[in-house]
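The values are calculated or read from the model by the stated rules, or taken from the named source; none is laboratory data. None of the values given here were measured: they were computed from a predicted structure. Here the Cβ is made from the backbone with ideal geometry for all residues, glycine too, and neighbour counts use every protein chain on show. Accessible surface is based on the protein model in full, side chains and every heavy atom, while ligands, DNA and RNA are left aside. Shrake-Rupley method; radii C 1.70, N 1.55, O 1.52, S 1.80 Å.
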Amino acid sequence: MADNLSDALKKLKLASADSTTDSVESCLDCLLKALAHNNADASGKIQEMGVLPLLPTLLAPQSSCTPKVANIIAEVAKNEFMRSPCVEAGLIPPLVQLLHSKDHEVLLQTGRALGNICYDSHEGRSAVDLAGGAQIVAGHIKSLSQNTDPDNGKLLTVFCGMLMNYSNDNDSLQAQLINMGVIPTLVKLLGLHSDNTALTEMCLIAFGNLAELESSKEQFASTNIAEELVRLFQRQAEHEKKEMIFEVLAPLAENDVIKLQLVEAGLVECLLDVVVHTVDGVREEDVAQLKTASDLMVLLLLGDESMQKLFEGGKGSVFQRVLSWVPSHNHQLQLAGALAIANFARNDGNCIHMVESGIVQKLLELLDRHVDEGNVTVQHAALSALRNLAIPVVNKAKMLSAGVSDTVLKFLPSEMPPVQFKLLGTLRMLIDTQADAADQLGTNGKLVERLVEWCEAKDHAGVMGESNRLLSALIRHSKSKDVVKTVIQGAGVKHLVVMATSEHMIMQNEALVALGLIAGLDLVGAEKDFVGAGLVQVLHKLLSDEMSAPEVKYNSMVIICAVMGSEPLHKEVQGLAFIDVVSKLRSHENKTVSHQASLTEQRLTAQS
């Protein structure tokens with residue numbers, strides 16, 4: 001075979017110079033045979049003998065050799081090491097010219113050749129881009145899309161594959177295809193050629209690539225992609241095919257308009273069906289499908305309209321089915337069920353209905369199962385759901401009497417920051433305006449000790465911020481001397497002073513209100529901590545800073561008045577010339593601030 005190939009290559013070099021068609025044809029046949037026998041070796045030989053640069057002259061539109069030459073290029077370009085040489089040999093411009101041919105076989109082989117040269121090749125893609133190949137192919141796909149002839153289906157598959165190889169993992173080329181309007185054409189193809197497995201798969205892979213690009217979502221949303229994908233999904237029995245469709249659905253479902261379209265097209269019913277059939281499965285593919293289907297379900301609920309449509313006032317069958325996942329024995333379903341509740345709990349009406357219907361108990365039972373089992377993602381999801389449900393004021397007392405705070409406190413020993421963060425947020429939501437609960441939790445020495453520890457969690461800003469906010473909330477909502485005492489004993493005061501310097505105005509204010517209450521309820525007990533943490537200096541800085549919010553200025557002055565009863569703090573106030581800063585604030589545009597400035601000035605003057 002090797003000798004025959006060498007002979008054929010030598011003859012081809014001679015024949016191409018003479019352009020004797022018959023001898024060229026027999027040489028090309030020999031090359032194709034050699035490539036079929038051992039593609040890599042034959043390709044290497046073709047490269048070695050310098051045959052590639054001869055091929056552009058053999059790619060004449062009218063020549064009977066042309067389809068064979070294009071076929072040889074397609075075969076050669078299956079090898080990675082041959083793609084750059086194909087570009088360097090100047091094969092791209094004549095191949096792109098052949099795309100104007102009316103001959104079916106020429107188009108087919110040319111599409112294959114260009115597609116293979118573009119595969120994973122930056123040089124190939126750039127050359128095709130420069131020659132305008134993608135526009136011509138996109139035009140062909142558009143004009144051929146209505147024709148359901150099997151031969152035509154093969155050509156469409158090759159052309160779709162060529163565009164996919166051309167743009168794969170290349171944002172700018174994908175954006176170029178989107179601007180050419182490729183998406184609506186491909187969606188039409190999917191609908192008209194759904195019986196053509198190869199073409200359908202090619203469309204799905206192309207969608208998967210393009211859907212990653214944000215700019216594609218708007219175009220997809222203007223087509224009937226949702227209906228087509230759901231229809232296609234319903235017809236699939238094989239795991240691999242379903243996975244392919246899932247890979248397109250996931251990026252598309254990130255768009256809220258498409259979320260709603262998918263819900264209206266019946267995707268949710270398909271997903272619930274997958275869950276039913278895979279929940280008890282032990283095969284790897286069952287586990288994978290269950291995860292993908294339940295994750296996608298949760299993703300659909302992230303859209304406000306799609307979520308509300310599925311909630312149906314709490315009567316929706318989908319809502320009921322998803323609730324049944326929470327007590328499941330399957331961790332993936334427990335997780336998806338808890339995340340779904342967290343997503344349904346995004347407005348007060350839904351939250352109130354869900355608490356009334358007993359969902360809290362289901363979540364508490366789930367958390368109890370995971371205190372020892374310790375599945376962090378399930379813990380995190382269930383705590384997220386409880387936190388959201390605790391937002392409406394009417395739910396707080398009900399949830400507290402159901403024992404939510406007791407269950408949540410079981411996770412206090414957790415070393416996982418995501419769980420710590422949600423635990424803190426849930427408790428903070430629960431005690432908001434609930435004085436008794438704030439008092440009970442605020443006098444829990446173990447909780448306060450853990451909060452103080454987390455206030456120093458420099459590596460986890462979220463946990464640190466939430467710990468400070470909960471510490472402050474316990475004082476603000478209880479207004480209890482016992483809570484203040486517990487926080488002082490637990491060394492929490494210094495953290496509230498630091499919190500007052502936060503870049504977030506809401507946190508500054510929460511800290512100052514809590515510090516004002518500490519000063520008012522137990523100044524003697526807090527005096528040493530106030531001095532040690534530099535409270536007076538912090539207040540001076542906040543009052544001097546023109547950028548400080550009116551509430552921050554007001555609360556800072558309230559604390560100044562409250563600490564005047566302490567000798568060491570009084571001395572510090574005098575030493576920092578507060579009177580100058582405060583007297584300026586008497587003319588502040590905010591009436592509450594200016595009034596408090598007058599009172600503070602009187603207090604400072606009286607005690608100077």
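From the helices alone, meaning DSSP H stretches of at least four residues, give me the mean residue ellipticity at 222 nm for the chain, per-run term -39500 (n - 2.57), in deg cm²/dmol to the nearest 500. Kindly include the intermediate steps, with their values, before the conclusion.
Working: 40 runs with 470 residues, N = 608.
Only helices count here, giving -24000 deg cm²/dmol.
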Percent of all Cα-Cα pairs per 10 Å bin for the range 279-413, counting from 0 up to the last occupied bin, reads 12, 45, 33, 9, 1
Note: A549 to D29 extended length (0.36 nm per residue) minus current alpha-carbon separation gives 178.8 nm
Partner aspartates and glutamates whose C-alpha sits under 15 Å from that of K315, ignoring same-chain residues fewer than 8 away, are E356
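Quantify how much of the Cα-Cα distance distribution of the range 411-568 extends past 18 Å, in percent.
54
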For the range 499-551, the percent of accessible surface on carbon and sulfur atoms (probe 1.4 angstrom, ligands and nucleic acids excluded) is 58
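If a/c stays under 1.5 just call it rounded; otherwise compare a/b with b/c (prolate if a/b is bigger, oblate if not). Do that for the range 109-171, with a ≥ b ≥ c from the square roots of the Cα gyration tensor eigenvalues.
Details: a/c = 2.27, a/b = 1.93, b/c = 1.18.
Prolate is the answer for the range 109-171, as a/c is 1.5 or above and a/b outweighs b/c.
Rounded to two decimals, what ratio of Rg to Rh does the range 331-403 give with C-alpha atoms and a Kirkwood Rh? Let's see the in-between values first.
Working: Rg = 11.5 Å, Rh = 12.0 Å.
With Rh from the inverse mean 1/r over Cα pairs, Rg/Rh is 0.96.
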Stokes-Einstein D for the chain (20 °C, 1.002 mPa s, Kirkwood Rh from Cα pairs), in µm²/s, comes to 72
Check: C-alpha center the range 527-590 vs C-alpha center the range 108-171, spacing in Å is 72
In whole percent, the Cα-Cα distances of the range 447-527 spread across 5 Å bins from 0 upward as 3, 18, 31, 27, 15, 5, 1
The farthest towards the positive end of the charge dipole of the chain, of the residues N71, G534, A345, given +1 on Cβ of Lys and Arg and -1 on Cβ of Asp and Glu, is G534
In degrees, nearest 10, the alpha-carbon axis of helix 417-431 is tilted away from the dominant principal axis of the alpha carbons of the chain by 50
Taking only the alpha-carbon positions of the range 86-190 as identical scatterers, the Debye log10 I(q)/I(0) at q = 0.16, 0.18, 0.21 Å⁻¹ comes out as -0.63, -0.80, -1.09
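Please calculate how many Å² of accessible area the range 140-284 carries per residue, with a 1.4 Å probe and no DNA, RNA or ligand atoms counted. Walk me through the intermediate numbers first.
Details: 6400 Å² over 145 residues.
Ligands and nucleic acids excluded, the result is 44 Å² per residue.
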Taking only the alpha-carbon positions of the range 345-467 as identical scatterers, the Debye log10 I(q)/I(0) at q = 0.14 Å⁻¹ comes out as -0.56
With 0.36 nm assigned to each residue of separation and the Cα-Cα distance removed, V287 to E240 gains 15.6 nm
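Can you give the FRET efficiency to the nearest 0.05 for D171 and D406, using r as the Cβ-Cβ distance and R₀ = 51 Å? Walk me through the intermediate numbers first.
On the way: r = 51 Å, r/R0 = 1.00.
The computed FRET efficiency comes out at 0.50.
Evaluate the Kirkwood expression for the hydrodynamic radius of the range 349-390, namely the inverse of the mean inverse distance over all pairs of different C-alpha atoms, and round to one decimal in Å. Mind dumping the intermediate values first?
On the way: mean 1/r = 0.0948 Å⁻¹.
Taking every pair of different Cα atoms in the range 349-390, averaging 1/r and inverting gives 10.5 Å.
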Here the range 130-209 gives, from Cα atoms, an Rg and Dmax in Å of 11.6, 35
The pairs in K102/K154; K242/K291; K481/K541; K410/K479; K45/K78 lying past 18 Å Cα-Cα in this model are K481/K541; K410/K479
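Could you sort 479-485, 236-242, 379-385 so that the peptide with the highest average Cβ count within 10 Å comes first and the rest follow in order? Can you show the working numbers first?
Working: 479-485: 18.9, 236-242: 13.0, 379-385: 27.3.
Descending mean neighbour count gives 379-385, 479-485, 236-242.
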As straight-line cross-link partners of K259, the qualifying lysines (C-alpha separation under 16 Å, not fewer than 8 residues apart within one chain) are K217, K309
Quick note, the range 41-144: a/c under 1.5 would make it rounded; otherwise a/b > b/c is prolate and the rest oblate (a ≥ b ≥ c, C-alpha gyration tensor); here it is oblate
On the accessible surface of the range 224-295, probed at 1.4 Å with all protein chains in place, carbon and sulfur together account for a percent value of 48
Rounded to the nearest 10, the angle in degrees between the Cα long axis of helix 122-131 and the longest principal axis of the Cα atoms of the chain comes to 70
If one compares the long axis through the Cα atoms of helix 133-144 with the longest principal axis of the Cα atoms of the chain, the angle in degrees, nearest 10, works out at 80
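Over the alpha-carbon set of the range 527-608, divide Rg by the Kirkwood Rh and report the Rg/Rh ratio to two decimals. Please report the intermediate quantities before stating the final value.
Values: Rg = 11.7 Å, Rh = 12.5 Å.
Checking Rg against Rh, the ratio lands at 0.94.
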Cross-link reach from K571 to aspartates and glutamates, straight Cα distance under 14 Å and at least 8 residues apart if same chain, gives E527
